[in-house]
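> Right, I'll just put the structure down here and ask away after.
All of the numbers you see were taken from the coordinates with simple rules; none came from a lab. The structure presented is a predicted model; accordingly, all values stated were derived computationally and were not measured. Every residue, glycine among them, receives a Cβ derived from its backbone with ideal geometry; neighbour counts consider all protein chains shown.
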Amino acid sequence: MGNGWALLRRKKALTERGAILNRIRTYFHEKGYLEVETPFRIPAPAPEAEIDAIPADGWFLHTSPELCMKRMLAAGYERLFQICRCWRAGERGVRHLSEFTMLEWYRAGADYNDLMAETEALVRFAAGQDKITYRGAEIDLALSWERISVPEAFERFGGLTMEEALAAGSFDEVMVGEIEPRLGQGRPTFLYDYPASRAALSRLKPGNNQLAERFELYLGGLEIANGFSELADPAEQRARFEAEKKAREREGRIGYPMPEKFLAALEDFPEAAGIALGVDRLVMVLLDAERIDDVVAFTTEEL
C-alpha cells in the first residue's frame, strides 16, 4: 500500500478528531460566539522572545491569530472564536508540530476566572465523556478541576520559591522538569497567576503587580491551553514588545516590525479575556495517542 498505509492507519483517529471539532463548534455556536477567519500571512507577529515566526514573501505566517482577533474585539465584536492553522519555526517533537491547529476564543466583559470556567465546560463538552485514559492513567473530567497558583506550585513541587527560581534563572527548567509532569494527573489542572516577567499579553493583577492574570491548562502533565485577562494598555504593551524585541536581538533571532495597527486598536479595547488551545494536543490526550503524529492527517515529513 506504500505511503497510503499511514493515512489509513489514522482513519479511526481522524474520524474521532472530526467529531471533536464538530462538538467544539457546536459549543461556541450555542454560546453565541461568532466564528471568524483572519489572514494566515501578516506583516508583524507579536515579538515574543521564545517563538519564531516563519517568513513568507516579505511577511510572516502567523504563530497565532491573536493580534487580528483582538483588533476585531476592539472594533466591537464581543464573542469570537477561530479554529485555524498556525506556524512556528523549529518546533517538532512527539508533542510538537511546526504547523498545527489552534483554537482561540475571546470574550468581552470577562476575566481569566470566567475563562477558566468556560474552558472547563468546553473541554468536557468536546470530550463527550466524563472519564478518559491518557498514558495509562485515568483523568476524571467530571471532578472539580484543580486550580493551583504558580507560587504554590513552586513551593509544593519545585523545592524552592518562585522568586528564588526567577533570581537563579531556573524558572523554566523547574517548570518543565519538576512542576508540569505533576499537573493534570487524575483530574485537569489550571496553573494560574504567573510572575509578571512571564505575563505575555496579559494584564497584571490589581493590587499585586508581581503577578499576571494568566493561566495554563494541563491534562496528564501536558499543557493544552494558555489564557489570560487581556492587557488593554497600549503604552505598557508597547514597552513589553520592545523588551521582547531586545531579547530576540540578544539571542540573534529574526527581527519583526512593531505591530502598530494592533497597538493602536488597544486604545478602544474592552475588558476581555482570551485563550489559545492546541487542538492537536487536546485530541492527542482525548484519544490516548502516543504521538501528535497519530492525530493529524499529514506530518511535514510525509509531504
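> Quickly estimate the mean residue ellipticity at 222 nm for the chain, helices only: each DSSP H run with n ≥ 4 gives -39500 (n - 2.57), and the total goes over all residues, rounded to 500. Spell out each step's value before the answer.
Numbers: 10 runs with 97 residues, N = 303.
After summing the helix terms and dividing by residue count, I get -9500 deg cm²/dmol.
> Rounded, prolate or oblate, given the Cα gyration tensor of the chain, with a/c below 1.5 counting as rounded? Don't skip to the answer; put the middle values down first.
Numbers: a/c = 1.34, a/b = 1.17, b/c = 1.15.
The shape class here is rounded.
> Right, here's the next one. Antiparallel DSSP bridges in the chain: what percent, to the nearest 5? Intermediate values should be presented prior to the final figure.
Values: 46 of 52 bridges.
Taking every DSSP beta bridge within the chain, about 90 percent pair in antiparallel fashion.
> Pairs on different chains or at least eight residues apart, Cα atoms closer than 30 Å: how many lysine pairs in the chain fit?
16
> Any chance you could check the Cα centroid distance between the range 159-205 and the range 217-266 for me, in angstrom?
Between the Cα centre of the range 159-205 and that of the range 217-266, the gap is 17 Å.
> Antiparallel as a % of all DSSP beta bridges within the range 1-160, to the nearest 5?
Antiparallel: roughly 90 percent of the beta bridges in the range 1-160.
> Under a Cβ-only charge scheme (Lys and Arg +1, Asp and Glu -1), can you give me the dipole magnitude of the chain about the Cα centre, in debye to the nearest 20?
780
> I want to verify a result. In a Gaussian network model of the chain, Cα cutoff 10 Å, which of these has the top mean-square fluctuation: THR26, THR63, THR15?
Greatest mean-square fluctuation among the candidates belongs to THR15.
> Another question about this same structure. Report, by chain and number, residues whose modeled amide H sits under 5 Å from the one on ILE54, excluding near sequence neighbours (fewer than 5 apart, same chain).
LEU61, ALA89
> Quote the relative contact order of the range 110-269 in percent (integer), defining contacts as alpha-carbon pairs under 8 Å separated by 6+ residues. Present the calculation step by step, with values, prior to reporting the outcome.
Numbers: 236 pairs, mean separation 30.9, N = 160.
It rounds to 19 percent for the range 110-269.
> Among LEU277, PHE28, SER64, whose Cα sits farthest toward the positive end of the charge dipole of the chain (+1 at Cβ of Lys/Arg, -1 at Cβ of Asp/Glu, about the Cα centre)?
About the Cα centre, the residue reaching furthest to the positive side is PHE28.
> Here is a follow-up. Taking amide H atoms as placed 1.01 Å from N in the peptide plane, list the residues 5 or more away in sequence, or in a different chain, whose amide H sits under 5 Å from that of LEU34.
ARG79, LEU80, PHE81
> Please list the non-local residues whose amide H lies under 5 Å from the amide H of SER149, H modeled 1.01 Å from N, same-chain partners needing a gap of 5 or more.
Amide H to amide H, under 5 Å and 5 or more residues apart or across chains, SER149 pairs with TYR192.
> How high is the relative contact order of the range 4-302, in percent, counting Cα pairs under 8 Å that sit 6 or more residues apart?
Details: 555 pairs, mean separation 70.3, N = 299.
The normalised contact order for the range 4-302 reaches 24 percent.
> Apply the a/c threshold of 1.5 to the C-alpha gyration tensor of the range 230-303 and tell me whether it is rounded, prolate or oblate.
Working: a/c = 3.13, a/b = 1.71, b/c = 1.83.
Oblate, since a/c reaches 1.5 and b/c is not below a/b.
> Say we join alpha carbon atoms closer than 10 Å with springs in a Gaussian network model of the chain; which of ASN22, ASN226, ASN208 then has the biggest fluctuation?
In this elastic network of the chain, the residue with the biggest mean-square fluctuation among ASN22, ASN226, ASN208 is ASN208.
> With θ taken as phi - 60° and the coefficients 6.51, -1.76 and 1.60, list the Karplus ³J(HN,Hα) couplings across the range 192-200 in order, rounded to whole Hz; mark glycine and proline as x.
Calculated HN-Hα couplings, in order: 9, 6, 7, x, 4, 6, 10, 6, 6 Hz.
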